[in-house]
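A.B. asks: Have a look at this one.
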């Protein structure tokens, strides 16, 4: 918990820019309209509670012109909240922290943006939604999925809230390392070419028998130590935007449907292991998509 003004300002500086891909300001739209659906947790107050004074601190009328950058919009909002004419963002942030206490900006909910970039994060949420296949035999349980020479790993993400035909800005899957190895890897990532693919079963070739997208991405890694339990940039795929774009461009795709991704080791001798949902739901793979409607 932040105990000094300096600590509060540091928290604001570290967290406020997470808003950049969560909101869009339209002409004559007020911050009260945009923020009233959001949740707030006061860092300067009782941690873990939703306090009326925390919400009140954000409900203020401030007209943001269309086309404003995030910094421009945030400065106008802070000026309105504080009754200030200061144009220095850092000064305004400090004044807000002094007046209201810092707030955990990362707790902000959906802003229902009018346009602009929207981020969607979906994690594997069931035991049968990650699986491994070797020589046609599919295994649904276990603590990790080993990517060695031949076997496939499949991951299903249910409830992907991306509209049909949306423009995919970026996409990636974040994994947790299941073993400790060193060396290079080259893993091919594709998606199932289907509108709402079902979960995995133990039917023979249930992963390899699925029709995959034409688009594929090579997830390559040169050097670095792959350490069991790590969930860092090393365990995140390269950009999968082309693969996801092929799925959402399908005529039958609809927001809220599922996506399945299949991983196969393309080359190399290093066996990478990915933690499964059964090991710990918190270690499960997470799909992150940024799109423009």
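A.B. asks: Could you put 98, 133 in order, starting from the residue whose Cβ has the fewest other Cβ atoms within 10 Å?
C.D. replies: Lowest to highest Cβ neighbour count: 98, 133.
A.B. asks: Rg to Rh ratio, region 181-293, alpha-carbon atoms and Kirkwood radius?
C.D. replies: 0.96
A.B. asks: Run the simple label-point estimate for residue 121 and residue 230 please: 7 Å along Cα→C-beta, distance reported in nm.
C.D. replies: Output for this residue pair reads 2.1 nm.
A.B. asks: If you don't mind, another one. Let me know the Kirkwood hydrodynamic radius for region 120-180, please, with Cα pairs as the basis and the value in Å to one decimal.
C.D. replies: 13.6
No value in this document is a laboratory result; all are computed from the given coordinates. Fair warning: this is a prediction, and the values are worked out from it, not measured in the lab. For neighbour counting, all protein chains shown are included, and Cβ atoms are generated from backbone atoms with ideal geometry for every residue, glycine included.
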